[in-house]
Amino acid sequence: MTTALLSHTDCLSHVNPPGAPEQVARLHYILRALEDLDLHRVDAPMATDADLLRCHPQSHLDHIRNSIPADGYTALDADTSVSPGSLNAAYRAAGGAVKAVDMVLGGEVQNAFVATRPPGHHAEQTTPMGFCLFGNVAIAAKHALDHHGLSRVAVVDFDVHHGNGTQALLQDDPRALVVTSQQMPLWPGTGEASERGPHGTVLNLPLPPASDGAHAIEVYKSKVLPAFAKHQPELILISAGFDAHQDDPLANLNWSTEDFRTMTKMILQSAQNLCKGRVVSVLEGGYDLDALAASARVHVQELIKAAT
Ligand SMILES: [Zn+2]
């Protein structure tokens, strides 16, 4: 069995204004860092509207489509912009996550990494937010449940920011366990441990500023692995943001590159025990280009090791 890498050149055509942390170079750096690895490389297809409509109303799809400028940028909020290439990029980002679920559940590959942008975990039902347009991971989770008929999935989000969008899109569905760790306090300000969702299927893990990877790994061992074991997911989706890295400019956690390896191994071991190692990992944040590339590389190296 192998590891799939899903990406698309369209994802390089979503351009944010100069100075924005979420930039085209992020994806260039990641793809270069993965160049020599043994991966089953697949072009991310466009999501269908039906895929997106599992998480967003038609009005949101229309809003994004109608905001796309003929040239330049349209600001959707203080952080989130669209450019002429953004619609195709966003459809590829969601479609790559959906296709990765098809490939893993179809037994074509053991696991998959979706290297696309824009990211997705801040996008709420009708609100693009924090560089995100569509909730890529939540859309993929719903696809696994509604299209493939799984009974239970888990999403784990180790991006340094709260996965508020994923939480909003999945918290009403008790089939989905949503685990999200985040530096607190930090933008967007939500993600307190008391936020458990209407079915108690949301697990928020606030991490104190300046805490390190060893602290986070202990939290995951004591809280996340037991939550996985209780939920018994048939597929684990990862919102893989690498902005908890000590070099990242947007936050103040002190994870090393190797901490991302340990975190990845721990999640993969749990997936091996619970769901035959079926994992789909989707890129979220990470804004120091070298740290992002190095962290994504060790993450994908572990996916490959787990697949062989
Ligand atoms: Zn982030």
Interchain or long-range residues, amide H under 5 Å from residue 242's placed H: 284, 285, 286
Inter-part distance where segment 125-152 and segment 24-89 are each reduced to a Cα centre, Å: 14
Vicinal HN-Hα couplings computed from phi for segment 109-115 (Karplus, 6.51 cos²θ - 1.76 cosθ + 1.60; Hz; Gly/Pro x): 9, 6, 8, 8, 10, 9, 9
Separation of the residue 36 and residue 290 label points, Cα + 7 Å toward Cβ, nm: 1.8
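If you stretched the chain out fully between residue 43 and residue 62, how much longer would it get, using 0.36 nm times the residue separation minus the C-alpha to C-alpha distance? Provide the component values of the computation, followed by the final result.
Working: separation 19, 0.36 × 19 = 6.84 nm, distance 2.51 nm.
Stretched fully, the residue 43-residue 62 segment lengthens by 4.3 nm.
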In sequence order, calculated HN-Hα J values of segment 147-158 (Karplus, 6.51, -1.76, 1.60; Hz; x Gly/Pro): 8, 8, x, 5, 8, 8, 10, 10, 10, 10, 10, 9
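Give, as a single signed number, the net charge of other residues whose beta carbon lies under 12 Å from the beta carbon of residue 146, with Lys and Arg counted +1 and Asp and Glu -1. Spell out each step's value before the answer.
On the way: positive: 54, 142, 175; negative: 51, 173.
Charge balance in the 12 Å sphere: +1.
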Where a label projected 7 Å from the Cα of residue 250 along Cα→Cβ would reach, residues of segment 166-206 with amide N under 11 Å: 187-188
Computed [θ] at 222 nm, deg cm²/dmol, the chain (DSSP H ≥ 4; -39,500 (n - 2.57); rounded to nearest 500): -11000 deg cm²/dmol
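If packing is taken as the mean number of other Cβ atoms within 10 Å per residue, what is the order of 196-202, 1-7, 133-139, 88-94, highest first? Walk me through the numbers on the way to the answer.
Values: 196-202: 15.7, 1-7: 22.1, 133-139: 31.4, 88-94: 27.9.
Sorting 196-202, 1-7, 133-139, 88-94 by mean packing, highest first, produces 133-139, 88-94, 1-7, 196-202.
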Selected from 89, 125, 105, residue furthest toward positive end of dipole (segment 81-148; charges at beta carbon): 89
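What is the Cα radius of gyration of segment 19-153 over 2.2 N^0.38 Å, N being its residue count?
Details: Rg = 15.1 Å, N = 135, 2.2 N^0.38 = 14.2 Å.
For segment 19-153, the normalised Cα radius of gyration comes out at 1.07.
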Separation of the residue 148 and residue 187 label points, Cα + 7 Å toward Cβ, nm: 3.4
Given charges at Cβ of Lys, Arg, Asp, Glu: segment 35-174 dipole, positive-most of 68, 174, 156: 174
The chain: relative contact order as a whole-number percent, Cα under 8 Å and 6+ apart: 20
Paired Rg and Dmax values of segment 82-235, which use every Cα atom, in angstrom: 15.3, 45
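Determine the dipole magnitude for segment 65-140: charges of +1 sit on the beta-carbon of Lys and Arg, -1 on that of Asp and Glu, nothing else is charged, the reference point is the Cα centre, and the result goes in debye to the nearest 20.
On the way: 4 positive and 6 negative charges, 29 e Å.
Charge dipole of segment 65-140: 140 debye, to the nearest 20.
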Karplus-derived 3J(HN,Hα), 6.51/-1.76/1.60, for each residue of segment 17-23, Hz, glycine and proline x: x, x, x, 5, x, 8, 10
Anchor residue 265: aspartates and glutamates whose Cα lies under 14 Å away (excluding residues fewer than 8 positions away in-chain): 218, 302
Only Lys, Arg (+1) and Asp, Glu (-1) charged, at Cβ; segment 202-308 dipole about Cα centre in debye: 660
22 Å Cα-Cα threshold exceeded, pairs from 99/230; 142/223; 142/276; 99/223; 221/276: 99/230; 142/223; 99/223
Under the Debye formula (equal points on every Cα, no solvent term), log10 I(q)/I(0) of the chain at q = 0.06, 0.12, 0.15, 0.16 Å⁻¹: -0.16, -0.68, -1.14, -1.34
Net lengthening on full extension, residue 50/residue 70 (0.36 nm per residue, minus Cα-Cα): 4.6 nm
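DSSP H helices in the chain with Cα extent of 30 Å or more along the helix axis and mean Kyte-Doolittle hydropathy at least 0.0?
Working: long enough: none.
Membrane-span-like by this criterion, though nothing is claimed about a membrane: none.
Every number here is computed from the coordinates shown, using simple stated rules; none is lab data. Note that the structure is a prediction, hence the values are computed from the model and not measured. Here Cβ is always computed from backbone atoms with ideal geometry, including for glycine, and neighbour counts include all displayed protein chains.
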